[in-house]
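Below: the structure, in structure tokens.
The values are calculated or read from the model by the stated rules, or taken from the named source; none is laboratory data. Since we're looking at a predicted model, the values are computed, not measured. Quick reminder, even Gly has a Cβ in these numbers, built from the backbone with ideal geometry, and neighbours come from all protein chains shown. Calculation scope for accessible area: heavy atoms of the full protein, side chains included, ligands and nucleic acids excluded. Shrake-Rupley method; radii C 1.70, N 1.55, O 1.52, S 1.80 Å.
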Amino acid sequence: MQLQQVSALPVALAAKEGEPAFSTLSRNASANASRSTAEFCTAMGVGKAAICAGDPQQLKALAALTGSSGTDMILNSPHKISEKYTELHGHRFLSRSIRKHDLAICPICWREDLSLADGHLDGCAVRWEWLPRFMSCCSRHKIALIELPYADYTTCYDHVLRAELAEGWLHSLEERVQQQALSVFESVALERLEQNTQMVDWLPDIQIDTLERWCLGLGAFIAEGTLRPDASPLATRRELIDLGFSVTRAGHAKLLDEVDQALGRHSTRLSKTWFHGWALQASMQDERRAFRDIMLGLIKDQGDYCLLSRHQYAPPEVQVDACIKKIAETTDRSRKWVRRTLILDDLLPNGRVPVGLDVRVRLKACTMHIKALAESFGAEQGANFLGVGITLFEGLVSERVITPITTKAFKKPRFSADMLDNLLNRIKALVILQPGHALRKDMISLSHASFVLRCPAGQILRFLEAGELPGSYIVTTEIGLAGLRISHKELLAAIRRQQRADLTLEEVRKRLALSSRELRQVVAAGLLHVDRRRPNGLRNAAEFITCDDYEAFLARFQTPKTAAQHLGRTPREVTALVIASQLSPVISGSDARVFDRENILSL
């Protein structure tokens, strides 16, 4: 994407040594009297979210704008690789290991910055060394870091605004100074980040934050047994991390000895400890793979190690054969079919339990899978069970109201009997059960409603579950959904309500065929009112435009796409007419393709 050309800043503050891009952005927004970094980015033509995520192209644009080094800014800024991982100073971290809402600063560093900037807050910068959550103090001054005041998620990376919003906080920096030296782990971790050295010689290329969690759990086990380390105070956690790190760094043999001695000292099982569950929590997490292998080695050891945690079971091959025999007898299937199905569905690759997985847990999953397949229905059987036609049943599948069982043992989809039964029970719980209800004039069946009103059956069932069809009932003398009766008037009203539901900003952008920047200009000009809210408590806030506001906008203005629908032309042809007639947009000084309705429709 080509960046918009912008003029030079009235006040350009270059990035300080070790300063990430979001800190430079916050300081320049404050120095240039912007109310927020979002407003500053809109004016300058750069993306706030992209800068906070460490997008190299946007960081170079910000560096050019502020007179900073683009290479240094990219190196010192957190770069979001994916939803799970973030890169900082050339090293990968879990995104949750990098500070965001809990940004912390060194009070002495900020007092020095304030004195150099004549008391102006835009002189105070964040350093990249303070971003990892395991760093609890400033390496330069040996002072404990303090968290910035927090307002809301929109100001997470706007440290200047966060400090300004808390009245009197900046003047209390001197009172918050607390001496604290770097721990052994923090010193070695900082050295790895700066010089790319190895933290543990026999465990190369381990993520720093993952090693920190391992050391915390190991230290807590050695010192306290089954202690949950997250419940400990910060000072205690730092001591436990250093203990676990010293044992891990000493070598694999030292680790085995310390674990074995701790098992006897605390008279506990390894499986009861926190770091045992942490290491085996997920088999597909790459960052924990080395520690998972260590833990599996501890569990499998038949010598002096981990005997208190090991249960004596038959060999895995014997357990697998016995389980397959039992499943075949229970489901009335042949052993050959059961084994072949489990192999095809990757539950028993090559006919055995994969190395590293718990045999009994995996065999339990095999039993449940075969039982579900044995009791499953095909499409026609499922349709008969629900009392609907095969076409309507396939529609419910395509709308994901019904999902097939994941299996390669059958050529055609199979559907769980329990899932279909749960669907019927949910519907029956929402409607009135009538053994012989007189059919009202406006009551229609599910298939009739889907055909006449062109409304998918899955959407009708969602209306029903949302309580928008209160007059519905089921005739119990008919099979399943065949007895469902829905009010034509209620369904029509529900469809109309759905069509007039509030639109998201992205939906409006697609309808008007505008770019995101053009739509933001329309909103900033006051032509469209945006309401920012959370649809529910579990999702992030989103921007909405009411259907009435959208229709009022179209009554006064048009874009080439919406005008093309009225003129019977293509949007490209309308754009050519606009250029030929030199029609000006309604927003002066803007390139947003929004024109007066009467002018564009008269072309």
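Counted by Cβ distance under 15 Å from E573, the other residues give a net charge of +4, where Lys and Arg count +1 and Asp and Glu count -1. Comparing Cα centroids, segment 446-508 and segment 554-572 end up 33 angstrom apart. The aspartates and glutamates whose alpha-carbon is closer than 17 Å to the alpha-carbon of K510, local same-chain residues fewer than 8 away aside, are D502, E518, E543, D549, E551.
Remark: relative contact order (segment 374-518) = 24 percent; criterion is Cα-Cα distance under 8 angstrom and separation of 6 or more residues. Remark: segment 438-587 carries a charge dipole of roughly 180 debye about the Cα centre, counting +1 on each Lys and Arg Cβ and -1 on each Asp and Glu Cβ. Close amide H pairs (under 5 Å, H built 1.01 Å from N) link G54 with K80, residues at least 5 positions away or on another chain.
Run the numbers for R265 and E191: contour at 0.36 nm per residue of separation, minus the present Cα-Cα distance, in nm. Before the final figure, lay out each step's value.
Values: separation 74, 0.36 × 74 = 26.64 nm, distance 3.49 nm.
Net length gain for the segment: 23.2 nm.
The phi torsions of segment 207-212, fed into the Karplus equation with coefficients 6.51, -1.76 and 1.60 and a -60° offset, translate into couplings of 4, 5, 5, 5, 4, 4 Hz, rounded to whole numbers, with Gly and Pro shown as x. Computed with a 1.4 Å probe over protein heavy atoms only, the accessible area of Y150 comes to about 120 Å².
Too long at a 19 Å Cα-Cα cut-off: which of K272/K364; K16/K80; K60/K100; K16/K84; K326/K408; K48/K100? Among K272/K364; K16/K80; K60/K100; K16/K84; K326/K408; K48/K100, the Cα-Cα distance tops 19 Å for K272/K364; K16/K80; K60/K100; K16/K84; K326/K408.
Under a Cβ-Cβ cut-off of 13 Å, what is the net charge of the residues other than S136 that fall near it, where Lys and Arg count +1 and Asp and Glu count -1?
Working: positive: R99, R133, K142, R237, R238; negative: D102, E129, E147, E186, E212, E239, D242.
Neighbourhood net charge equals -2.
Close amide H pairs (under 5 Å, H built 1.01 Å from N) link F557 with R597, residues at least 5 positions away or on another chain.
As a test of the formula, what do you get for the chain when each DSSP H run with n ≥ 4 contributes -39,500 (n - 2.57) and the sum is divided by the residue count, at 222 nm and rounded to the nearest 500 deg cm²/dmol?
Helix contribution divided over all residues of the chain: -14500 deg cm²/dmol.
Proximity of backbone amide H atoms, modeled 1.01 Å from N, is registered between A15 and S68, S69 at under 5 Å, excluding neighbours fewer than 5 places apart on the same chain.
In the chain, a dipole from Cβ-located charges (positive for Lys and Arg, negative for Asp and Glu) runs towards its positive end, and of L423, I81, V353 it is L423 whose Cα lies farthest in that direction.
Only four residue types carry charge here, +1 at the Cβ of Lys and Arg and -1 at the Cβ of Asp and Glu. Report the dipole size of the chain about the Cα centre in Debye, rounded to the nearest 20.
Details: 76 positive and 70 negative charges, 495 e Å.
Charge dipole of the chain: 2380 debye, to the nearest 20.
Remark: the T406-D118 segment gains 97.0 nm on full extension, using 0.36 nm per residue and subtracting the alpha carbon distance. The residue among A144, L218, Q195 whose Cα reaches farthest toward the positive pole of the charge dipole of segment 108-223, with charges on the beta-carbon of Lys, Arg, Asp and Glu, is L218.
If R₀ is 60 angstrom, what is the calculated FRET efficiency for the pair D596 and V318, using the beta carbon separation as r and rounding to 0.05?
The calculated FRET efficiency here is 0.15.
Between segment 389-434 and segment 138-161, how many Å separate their Cα centres? After rounding, the separation between the Cα centres reads 52 Å. About its Cα centre, the dipole of segment 226-291 is roughly 140 debye, where the only charges are +1 on Lys and Arg Cβ and -1 on Asp and Glu Cβ.
The residues of the chain expose on average 53 square angstrom of accessible surface per residue, using a 1.4 Å probe on protein heavy atoms.
Along the charge dipole of the chain, which of L373, I208, N384 sits closest to the positive end, that is, farthest toward it, with unit charges on the beta carbon of Lys, Arg, Asp and Glu (+1, +1, -1, -1)? Checked the options; the winner is N384. Of all aspartates and glutamates in the structure, the ones whose alpha carbon falls short of 12 Å from that of K428, not counting any fewer than 8 places away in one chain, are E465.
Net charge within 11 Å of R340 by Cβ-Cβ distance, Lys/Arg positive one each and Asp/Glu negative one each, not counting R340 itself?
Details: positive: R333, R335, K336, R339, K408; negative: D345.
Once all neighbours under 11 Å are counted, the net charge is +4.
Listed values [x] -0.85, -1.12, -1.19; [y] -0.74, -1.19, -1.20; [z] -0.46, -1.04, -1.19 include one computed from this model; for log10 I(q)/I(0) by the Debye sum over Cα atoms at q = 0.07, 0.11, 0.12 Å⁻¹ that value carries the label [y]. Distance between the pseudo-spin-label points of M419 and M368 (7 Å out from Cα toward the beta carbon): 1.4 nm.
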